[in-house]
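Quick notes on the structure that follows.
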Amino acid sequence: MDVFDGNKFLNTVLLLITTLIAAKLISSFIIPKSRKRLPPILKGWPIIGGLHRFLKGPIFMLREEYPKLGGVFTLKIFHKNITFLIGPEVSAHFFKAPESDLSQQEVYQFNVPTFGPGVVFDVDYSVRQEQFRFFTEALRVNKLKSYVNQMVTEAEDYFSKWGSSGEVDLKYELEHLIILTASRCLLGREVRDKLFDDVSALFHDLDNGMLPISVLFPYLPIPAHRRRDNARKKLAEIFATIISSRKSSDKTEDDMLQCFIDSKYKDGRPTTESEVTGLLIAALFAGQHTSSITSTWTGAYLLCNKQYLSAAVDEQKNLMEKHGDRVDHDVLAEMDVLYRCIKEALRLHPPLIMLLRSSHSDFSVTTREGREYDIPKGHIVATSPAFANRLPHIFNDPDRYDPDRFAVGREEDKAAGAFSYISFGGGRHGCLGEPFAYLQIKAIWTHLLRNFELELVSPFPEIDWNAMVVGVKGKVMVRYKRRELSVNQ
Ligand code: HEM
């Protein structure tokens, strides 16, 4: 090798080294930048990650981590990444994204053995969408009007069994009344009038078969799951008999069962008996505990906040002056004060504390402080009504029961746009039963306010964080005395 060749070699090596250094420098700009945009990761233990934190209670974890990490962070549990999006500034995509980007099917799979085959999370999104159309049709205003009459009758019958005065566990009473009402409006007259005890017992087994462990291992061979599967089979038999007898008698009823029997897919195919049973179970699971918990919290808050109790009673008097004793859909729709009292109880205590999706494409969010994060596909994405509903930059003095925060002029539920208040979720998968739930709770409280003086005699209830649908812990003892509210009282 001569000198010239030696220089050429040296130059080539230098060029190579310079190129490598430049590439390294460029990549160090690009790669760490993209790493920097990943959400912060909550520190956890080797292998199990943050499992222990999550099991101790997701809300406690959020309370500790949100002030440190902000509204977007990732919790690793084993090999899974769960990214939290807390607050309306970052949760909009959670609610609005199409199913192809953020889906429910995988994360809500644990419902399949309970709801049964061929419905909701056991079917493709296109079929599920059609089944949700059946729900929407079954919950239209014209249907709700007839459900309300049944709700009012059920409440009258139920409370007619109370004495002239006494003490009751309000939680137990409202749970039972709501099972009866749901049974009448959703499952139908046959179940409500003849098969109530049998069907309630089977639903009880279904309920007890949905445990926290079922979320991870829905088919684990444990006694609770076996009882669940037997109950599901027996319910299918009972409903098959009811459906075929309705079909053969040509009689139609005003209930959700009838709507589901009459529903047809776009291609003209009618629903099968098994699908109708599954959809009814799904409706009961979506609406029963959520509504009974909310009616109990509403009562507990009203009885501890005399100012709102008397505002709600005054509203009843005004409506009685206007409509007499009539209580129907349109009268309930006029109850703004009661509406706000329920809505505020539900803000403080949303029964579904955590909503989940599975992400199928990368997306970015920007926090209200202006930080941008990229959430990679493959993450589970979570938001929390229980935590987000108490964010102090949205809700003034957020732990205080203050139904007037929703009144005209304040409207804190819209302070930061559509996803400020998320007890019913929102966007693409917002609750389809919200009007039904309000009507049911209003019908119950209208009856109680008009016919009883009530006093809470046990301490203000605590939250039962261990339940799948988070509700009220222990008894809620109430002393009642019959009265007849009159306009001039
Ligand atoms: C106080 C009572 C209720 C509360 C707090 C509540 C809450 C919710 C929430 C948070 C979601 C969204 C879930 C998600 O985004 O993952 C939801 C969805 C749903 N709810 Fe409700 N719900 C209530 C009552 C009802 C009732 C009475 C029914 C039916 C009779 C019902 C039927 C549904 C259905 C079908 C969906 C699914 C909508 C979809 O995915 O497109 N809910 N509910």
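Would you check which residues across segment 341-377 are basic (Lys, Arg) and either surrounded by 22 or more Cβ atoms within 10 Å (Cβ to Cβ) or part of a strand (DSSP E or B) (or both) and list them?
Residues satisfying the conditions are 347, 357.
Could we say that residue 315 is more than 16 Å from the ligand (Cβ to nearest atom), farther than 30 Å from residue 210 by Cα and part of a helix (DSSP H, G or I) here? Give the derivation first.
On the way: more than 16 Å from the ligand (Cβ to nearest atom): yes; farther than 30 Å from residue 210 by Cα: yes; part of a helix (DSSP H, G or I): yes.
Taking the combined requirement at face value, the residue satisfies it.
Please enumerate the residues belonging to segment 411-446 that are out of contact with any helix residue (DSSP H, G or I) (no Cβ under 6 Å at 6 or more places or on another chain), more than 9 Å from the ligand (Cβ to nearest atom) and among the hydroxyl-bearing types (Ser, Thr, Tyr).
446, the sole residue that qualifies.
Only one of these is exposed (fewer than 15 other Cβ atoms within 10 Å of the Cβ) and on the phi < 0 side of the Ramachandran plot: 169, 197, 207. Name it. Let's see the steps before the verdict.
Values: 169 fails: exposed (fewer than 15 other Cβ atoms within 10 Å of the Cβ); 207 fails: exposed (fewer than 15 other Cβ atoms within 10 Å of the Cβ).
Step by step, each of 169, 197, 207 is checked, and only 197 is exposed (fewer than 15 other Cβ atoms within 10 Å of the Cβ) and on the phi < 0 side of the Ramachandran plot.
From 457, 472, 476, 408, grab the single residue that is within 16 Å of the ligand (Cβ to nearest atom) and of a type outside the set (Ser, Thr, Tyr). Before you say what the answer is, go through the steps one by one.
Numbers: 457 fails: within 16 Å of the ligand (Cβ to nearest atom); 476 fails: within 16 Å of the ligand (Cβ to nearest atom); 408 fails: within 16 Å of the ligand (Cβ to nearest atom).
Going through 457, 472, 476, 408 in turn, the sole match is 472.
Identify the residue in segment 115-160 that is polar (S, T, N, Q) and farther than 27 Å from residue 482 by Cβ and, among all such residues, is least open to solvent (accessible area, probe 1.4 Å). Walk me through it before giving the result.
Taking segment 115-160 first, the residues polar (S, T, N, Q) are 126, 129, 131, 136, 142, 146, 149-150, 153, 160.
Narrowing the set further to residues that are farther than 27 Å from residue 482 by Cβ leaves 126, 129, 131, 136, 142, 146.
On the way: 126: 74, 129: 96, 131: 2, 136: 56, 142: 102, 146: 23 Å².
The extreme case among them is 131.
If a residue must be within 13 Å of the ligand (Cβ to nearest atom) and in contact with an Asp or Glu (Cβ under 8 Å, 6 or more places away or on another chain), how many such residues does segment 106-126 contain?
3
Residue 400: open to solvent by 40 Å² or more (accessible area, probe 1.4 Å) and within 12 Å of the ligand (Cβ to nearest atom), yes or no? Full working, then the answer.
Working: open to solvent by 40 Å² or more (accessible area, probe 1.4 Å): yes; within 12 Å of the ligand (Cβ to nearest atom): no.
Against the criterion (open to solvent by 40 Å² or more (accessible area, probe 1.4 Å) and within 12 Å of the ligand (Cβ to nearest atom)), residue 400 does not qualify.
Quick one: residue 78 ticks every box in (1) on the phi > 0 side of the Ramachandran plot; (2) within 13 Å of the ligand (Cβ to nearest atom); (3) of a type outside the set (A, V, I, L, M) bar one, so which box is it?
Status for residue 78: all satisfied but (2).
Which one is nearest to the ligand (Cβ to nearest atom) among residues in segment 93-104 that are open to solvent by 10 Å² or more (accessible area, probe 1.4 Å) and touching a Lys or Arg at 6+ places or on another chain (Cβ under 8 Å)? Give the derivation first.
If we filter segment 93-104 for residues that are open to solvent by 10 Å² or more (accessible area, probe 1.4 Å), which is where we start, we get 93, 96, 98-101, 104.
Next cut, touching a Lys or Arg at 6+ places or on another chain (Cβ under 8 Å) only: 96, 98-99, 104.
Details: 96: 11, 98: 12, 99: 10, 104: 6 Å.
Of everything passing the filter in segment 93-104, 104 is nearest to the ligand (Cβ to nearest atom).
Please go through segment 75-92 and give me each residue that is open to solvent by 30 Å² or more (accessible area, probe 1.4 Å) and over 14 Å from residue 373 (Cβ atoms), ordered by number.
Going residue by residue through segment 75-92, those that are open to solvent by 30 Å² or more (accessible area, probe 1.4 Å) are 76, 78-81, 89.
Once the filter is applied, which keeps residues that are open to solvent by 30 Å² or more (accessible area, probe 1.4 Å) and over 14 Å from residue 373 (Cβ atoms), segment 75-92 yields 76, 78, 79, 80.
I'd like to know if segment 346-366 contains one or more residues that are among the polar types (S, T, N, Q) and within 16 Å of the ligand (Cβ to nearest atom). Can you show your working first?
Going residue by residue through segment 346-366, those that are among the polar types (S, T, N, Q) are 358-359, 361, 364, 366.
Those still in the list that are within 16 Å of the ligand (Cβ to nearest atom) too: 358-359.
Yes, that holds for at least one residue.
So which residues in segment 293-308 are closer than 15 Å to residue 474 by Cβ and either surrounded by fewer than 24 Cβ atoms within 10 Å (Cβ to Cβ) or not aliphatic (A, V, I, L, M) (or both)? Break it down into steps so the answer makes sense when it comes.
We begin by selecting, within segment 293-308, every residue closer than 15 Å to residue 474 by Cβ; these are 293, 296-297, 299-300.
Answer for segment 293-308, where residues must be closer than 15 Å to residue 474 by Cβ and either surrounded by fewer than 24 Cβ atoms within 10 Å (Cβ to Cβ) or not aliphatic (A, V, I, L, M) (or both): 296, 297, 299, 300.
Can you tell me which residues in segment 246-281 are surrounded by fewer than 20 Cβ atoms within 10 Å (Cβ to Cβ), small (Gly, Ala, Ser) and in a helix (DSSP H, G or I)?
248, 249, 274 - these are the residues of segment 246-281 that are surrounded by fewer than 20 Cβ atoms within 10 Å (Cβ to Cβ), small (Gly, Ala, Ser) and in a helix (DSSP H, G or I).
The values are calculated or read from the model by the stated rules, or taken from the named source; none is laboratory data. Source: prediction; values computed, not measured. Backbone-built Cβ (ideal geometry, glycine too); neighbour counts: all protein chains shown. Surface areas here come from the heavy atoms of the whole protein model, side chains and all, with no ligands, DNA or RNA. Shrake-Rupley method; radii C 1.70, N 1.55, O 1.52, S 1.80 Å.
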